[in-house]
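Here the structure comes first, spelled out in structure tokens, and everything after it is commentary.
Values in this text are rule-based calculations from the coordinates and carry no lab data. Here the structure is a predicted model, which means the values were calculated and not measured. Neighbour counts are summed over all protein chains in view; Cβ atoms, including those assigned to glycine, are modelled from backbone coordinates with ideal geometry.
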Amino acid sequence: MREELLRSLPQVSKLIEHYKDRYPEVYVKQAVKDTLDQIRKEIKEGKRSTLTDLYEFLEESVRKKAQTKLRRVINATGVVINTNLGRSPLAEEVAEFVSYIAKGYSNLEYDLDEGRRGSRYKLVEEYLIQLTGCESAFVVNNNASAVFLVLNTHASGKEVIVSRGELVEIGGSFRIPDIMRASGARLIEVGTTNKTRLKDYEIAITENTALIMKVHRSNFYMEGFVEDVKVEDLLKLSLPVYYDTGSGLLLDLKTLGINSEEPDLKSCVEKGIHLISASGDKLLGGPQAGIILGKKHLVEPIKRNPLSRIVRIDKMTLAGLEMTLRLYMEERWQEIPILRMLSYKPSYLRRRAKKLYNLIKEKVPELELGIVKDTSKCGGGSLPELTLQTYCVSIKHEKLSAQELSRRLRNLDTPLIGRIKENTLLLDVRTILDEELKLIPDIIRKALL
Ligand SMILES: *Cc1c(COP(=O)(O)O)cnc(C)c1O
């Protein structure tokens, strides 16, 4: 029986022939080999007694092998800065500029006025100075490297005082204290988890203290018996203060109708904080980058640190960052997707949910659909206390569970990622891009095939 089944497996070359007009041969070969290996193994282990599903099995395998690994997905989770889904999508004009610069040569390190070597860092420094009023600015690969570089430059072999309440972990096992230690700085922890007072810092200062560091508690919110020292007060300690703000906010959140204490870069500079760092792809809404701002005499040595080369920003990121900063310069923040999403009013979201509801209803009438009021989140370790009122389209299928439905939607060429609440799949319309709305009915249709 097993022998017979093994012998009746089609020839490899025949199978490859079957697919190679539709998919590049290199992926077809891999998929055929993997699938046949798998099937032979199942037969030998007695787990398979038929080959009727062979082509179905193979089709799926070839399709998967031929897909790019990195793919666009539709974010219907309602988490705006979704770290798992690539944090901030870029504005249209920003993405176009990245592609334009990437396709050709550029003046990345060439001074066009002088006709000689220039600096890549100059390209965005002027914008950052104008937008925040800082004396000097520098950009690196991400904020984790900014933290490392600031501390390595100014506090290697010296002490940095930081509150215990701020020794945070920011997703994916990135822990501020680990980065600090790796930089060669000696961490002096003061206060307790919920309370740190100015006096705690004062007592900890020695002749070896290089910096006072404040880390924004970006991804959690403490309520109740809590006391910490405002950054303004830390400035009274007559030592350089370094503030890792996390989110890189470049406008007043009230503009978006959001009330929050989230620090924005401009007001940090205005307060006179000596060094500030932030991410490029959180509330700033640009590409992954680390931004360092501050007093000239403290930022210049960071630029000269040889380790800055290790965390150097690349040209596509610089292109994305420049164009994003220009949108702020021109007061066109509405074009930055995450800021637009955060600013949506519930009445608008309800209309949007109704629109999506109708689109799906028309194409996939067999589903049980509804419109549900719920809340979305900012995400990305920003504004954890914030809940944004939103509307979702709820989807129920008479046979498939919400888990099975989401699994199928994840497995398509354009995966659609929603969230599950009380055994119902919800599509939160806040985080779906305009051009994606009309694609959704066909995606769902395909998932049900
Ligand atoms: C997110 C975050 C970081 C890490 O930034 P990346 O750009 O992801 O490297 C560091 N510090 C704080 C306070 C953050 O919120």
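Points worth noting:
- Sequence-separation-based contact order of segment 92-335, relative, with Cα cut under 8 Å and 6+ spacing, percent: 27
- Degrees between helix 25-44 axis and first principal axis of the chain (Cα, 0 to 90, nearest 10): 70
- Sparse-neighbour loop sites [trypsin sites (Lys or Arg not before Pro); segment 235-329; at most 11 other C-beta within 10 Å; DSSP]: none
- Highest to lowest packing among 187-194, 29-36, 375-382, scored as the average C-beta count within 10 Å: 375-382, 29-36, 187-194
- HN-Hα J in Hz across segment 374-385 - Karplus 6.51, -1.76, 1.60, θ = phi - 60°, x for Gly and Pro: 8, 10, 9, 10, 6, x, x, x, 10, 6, x, 7
- Contour minus Cα-Cα distance for residue 446 and residue 369 (0.36 nm per residue): 26.0 nm
- Structural size metrics of the chain, computed from C-alpha coordinates, are Rg and Dmax of 26.5, 84 Å.
- Low-density loop positions, trypsin sites (Lys or Arg not before Pro), segment 390-449 - DSSP coil, at most 13 other Cβ in 10 Å: 399, 438
- Long-range tail of P(r) for segment 92-335 (Cα pairs > 29 Å, %): 28
- Applying 1/(1 + (r/R0)^6) with r as the Cβ-Cβ distance of residue 96 and residue 193 and R0 = 45 angstrom yields a FRET efficiency of 0.45.
- In the chain, the longest principal axis of the Cα atoms and the axis of helix 143-155 are about 30 degrees apart.
- Crossing angle, helix 122-132 versus the chain [Cα axis fit, 0-90 degrees, rounded to tens]: 70
- Helix-only CD estimate at 222 nm, as mean residue ellipticity for the chain, using -39500 (n - 2.57) per DSSP H run (n ≥ 4): -11500 deg cm²/dmol
- Derived scalar couplings between HN and Hα for segment 261-278 equal 8, 3, x, 9, 4, 5, 5, 4, 5, 4, 5, x, 4, 6, 9, 9, 9, 7 Hz in order, rounded to whole Hz, by the Karplus curve 6.51 cos²θ - 1.76 cosθ + 1.60 (θ = phi - 60°), x for Gly and Pro.
- Sparse-neighbour loop sites [GluC sites (Glu not before Pro); segment 262-362; at most 12 other C-beta within 10 Å; DSSP]: 330, 331
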